[in-house]
Structures are given as structure tokens and as C-alpha cells.
Amino acid sequence: MSLTLTIIIALFSLALGGILASTVLRKYADKKSQLIIKEAEEKAEVIKKEKMLQAKERFLQLKSEHESIILEKNSNIQKSENRIKQKETTLSQKIEEIQRKQNELTAIRENLNSQLEIINKKQGDLDKLHKTQIDKLQAIAGLSAEEAKVQIIEALQDEAKNEAINLIKDVVDEAKITANIEAKKIVIETLQRTAVEHAIENSVSVFNIENDEIKGRIIGREGRNIRALEALTGVEIIIDDSPDAIIISGFDPVRREIARLSLHKLVTDGRIHPARIEEVVAKVKKQIEQEIIEIGKRTTIDLGILNMHHELIRLVGKMKYRSSYGQNLLQHSKEVANLCATMAAELGLNPKIAKRAGLLHDIGKVPDNEPDLPHAILGMKLAEKFKEKPEICNAIGAHHDEVEMESLIAPIVQVCDAISGARPGARREVVDAYINRLNNLEELALSYPGVIKTYAIQAGRELRVIVGADKISDTEANQLSFDLSHKIQNEMTYPGQIKITVIRETRAISYAK
């Protein structure tokens, strides 16, 4: 019983001790939490004070910046106001200056008006005096002022005309004396260095055959073969009684060459019928086109001309199959190119540019299409299109005076073109056109007053004009020769040059009986 009680007492003691311990712990915890809270409040107060100090410092800084900005703006405004005041002062001074000058101008104008009135008055007096003097002179001379003026003008015109003619004659004679020898030397040396053979181009080609049996095969059944060949090539094939020969007639040398080569291939192959003819003609056309390009390349290489556009090279090759007045165009252009290079070198100019211009000067005669333009203008446009130099383009366009010459290369090309075309045997003309040109030459000279007779001699290279000695003076004869040369040059087309000789002679005739 006592043990149980003891245990109970012990347990009660333990329980009481736990409660006491729990109470102590709770009090300690409460005290600790109060200390933590107090410490946190103190820290919060410190942080609050720091933030307030920072806020005050930021406010003071912003306030200072704002005040400095306001001060700067006020300073700028003050400066602007000062500038405006200065401008107003300057403007006021200028206005005062302008007003002062206007007052001075007004005074000067009034002074001039008064002086002008005095001058007008004096001018009126002078006019009256002048009229009085003129009336007296007219009464003395028996002529009016207009009549005297007309007589003086006519006399001065005649005197000036005679002096001008004499001066022109002296200048021309002096130029001939100083320049004729050198010019002849340059031209002769150029011609000697560039001597070429000439062969007249025909408008027909002859195709030789072995026997007359081939003629029938070329004609074909009911003429179908020859009709097909003529339709495809654009030429006329003449099969007549000529032994072992067929004549190919056509104005275009390219077409004639295509027809000749096609006939050669057909006769060699032996198969002659319309389908085969069409096939052969197509192949020959391609072959001729390739040959044209090769000829152009070979020509530029032989002449030492580089960096030419491939289309211009093709047109150069095409010139082989063109003729001008019977002269092969490619041979003519090559000759002109060599003449131009030689003459340019003699004159101290660039021979390469001159040679290039000489080769291309007739390029307008072989275009792929045929526009209604002179060949010189068309050639100039083609050269411009393919980026040739301006002096070359101008020389091409000006070699027949269609455009104005702008460089020394242009007259060289013109002269060399005339030299090449005017050589004996170089070109041919139709007889009717030749006779018509001579008649026009004589009629042109006969249209001038005082001309009695005219004679076109030396195949039209010289025109002799006989005038009446009682109708035309020596001075007027010189003027007539000059006028005729210019009119012929401007109105007629001719190769080379024409010499105009005016003959004025006086004959005294008497008879002894």
C-alpha cells in the first residue's frame, strides 16, 4: 500500500515537474519572441529612417537639377531676346539707310528730269538746225538725202565686193603656193603605198557544166527543179544554147553565190529534185553565213583592227558580196582603210582610228534590213549602236556631208573614199547616167548671165566656161568661177573633183584689103 502510494506520489511529482517545466519553457519562449519582435521593430525603424534620408537626398538632387535646367532655359531665353533686339536694331538701321537712299534717288531723278528737259530742248534746236543744213545741202547738190544714201551704199558695196574678191583670190593663191606642194606630196605618197588591183563586179555568174545532159536534169520535169531553185535563192537561172555553161543572173551577189554553190553540190551529188534542192540551199545559206563571219574576222586581223563588235565584223564580211558602181565593197573599204591610215600618219594623226573609220565608212550599205536612210547616216547609227568612238561615228556619217564634220578624221575618210572611187577602172557608171551628168553640168553653167558657151571635158572632170568680155569683167570672172564651184558641189553628185575654168578674152579683128 505504501509502495503504491509512493509510486503515485512519484508519478504526481513527475507530472507536476513537467507542468512546471512546460510553464517555464512557455514563459521563456514568450520572452524570446518579445525580444525578437522588439529587435525587428528597431531594425524597421532604422530602415525607415534610412529610406526617408535617401528620399530626401533624391528630392534635393532632383530639385537642384530642375533649378539648373530652369536657369539654363532662362539663359537661352535671355540670349534669344538679346539677338532679337540686336536684329531689330540692325533692321531699323537698314530701313533708315534705305529711306535715305530713296530720298537721294528721288533728288537725283528730279535733277535728271530737269537736265533731260534741257537736253530735249537743245535736241529740238539741233534737229531744226540739222534739217536746215540738209535742206541747204540738197538744194546745192540737187539730190535728196535718200538718193544720196543709196548712191553711197551702192558705191561702198561695189568697192567692198571688189576688195573681197581680190582678197579671196590673194588668200587662195597664197594658200595654193604654201600648201599645194605638201598636199600633193601626201596624196601621191598615200596612193603609191596603197596600190591595188581593180576588177569590175558583174551582175551575172557563170556555172560551168561537163555536158548539156546536166541542163535537162537541172530543169527537171516541167521545169520544177529550176523553179524551186529560183524561188529558194531569189535569182534567175538562164539556160540557153551556151555550150557547157549556165548563167546565174541576180543583183545580189550573196544570192548568186548561194545559187552557184547549191548547183555545184547538186550536180556533184547527182540527186536533183525539189526536196533535195531545198535541203542543199538551206545548208549553203548556213555555210555562206559562216564564211561571211570568217571573212570579217580575217579582214580585221589583216588590217590590225582589234576589239570590234562581232556584229560589225559580220557586216564587214558581208561587204565582200556587195558592189558599188561595179566596185567590190570590201576591197574598196580595205583600200580606204589603208589610205586613211597612211594619210593620218603623214598628218600626225592617229592611224589606227583613221583605219577603223575607213573600213567602216560604207557599213551602212550592208544592213540586214533596208531602212529609208542614206547609207552614211545608217552606218553612223550602227557604229553608235555597237559602241564605236564618237570620232569614228562622225567620220562615217560625214563622208558624204550628211552631218557636220567634227574631227580631222572625217575629211580624211571623205578624201580617201573619193580617191578610191575615182581611180580609173575602179567604178563604172551607166552610160545614160554619165551623159546626163555632163549635160546637167553644162546647163548649170549656162544658167549664169554673161556665159556664152560651156564645155564639159576630160570625162566631166573639167568644165570650161567661155564668157563675153563685154559682159563680165575680170573680177566678175573670178567670182563666177567661185560661185560655180560651190553650186556644183552643193547640187550635183560626182566622183573625184571638177575643175572650173572661166575664159574671158578680147579679140581685135581687122581686114587688110
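Fully extending the segment from Asn369 to Glu289 would add 27.2 nm, taking 0.36 nm per residue of separation and subtracting the current Cα-Cα distance. Once the Cα-Cα distance is subtracted from the 0.36 nm per residue extended length, the Glu491 to Lys31 segment shows a gain of 151.9 nm. Using only the Cα atoms of the range 322-427, build the gyration tensor, take square roots of its eigenvalues as a ≥ b ≥ c, and label the shape rounded, prolate or oblate: rounded if a/c is under 1.5, else prolate if a/b is larger than b/c, else oblate. Oblate, since a/c reaches 1.5 and b/c is not below a/b.
Spin-label pair Glu279-Ile19: with each label point 7 Å from Cα along the Cα-Cβ axis, the two points sit 13.8 nm from one another.
Each label was represented as a point 7 Å from its Cα along the Cα-to-Cβ direction; for Arg227 and Met405 these points are 5.6 nm apart. Whose amide H sits under 5 Å from the amide H of Glu462, counting only residues 5 or more places off or on another chain, with H placed in the peptide plane? Result for Glu462 returns Ile457, Lys499. Look at Met405, Met492, Met380, Met52 and count the other Cβ atoms within 10 Å of each Cβ; fewest to most, that gives Met52, Met492, Met405, Met380. Computed extension length for Gln78-Asn439: 120.0 nm, one decimal, from 0.36 nm per residue of separation with the Cα-Cα distance subtracted. Which FRET efficiency value, to the nearest 0.05, is calculated for Leu62 and Glu88 with the Förster distance at 45 angstrom and r the Cβ-Cβ distance? For Leu62 and Glu88, the calculated efficiency is 0.70.
Of the cross-linked pairs Lys215/Lys320; Lys265/Lys334; Lys285/Lys355; Lys297/Lys389; Lys318/Lys487, those separated by over 25 Å at the C-alpha level are Lys215/Lys320; Lys265/Lys334; Lys285/Lys355; Lys318/Lys487.
Spin-label pair Ala469-Asn120: with each label point 7 Å from Cα along the Cα-Cβ axis, the two points sit 6.7 nm from one another.
Every number in this text was worked out from the coordinates using simple rules, so none of it is lab data. Everything numeric here is computed off the predicted structure, so don't read it as measured data. Cβ: placed from backbone, ideal geometry, glycine included. Neighbour counts: every protein chain shown.
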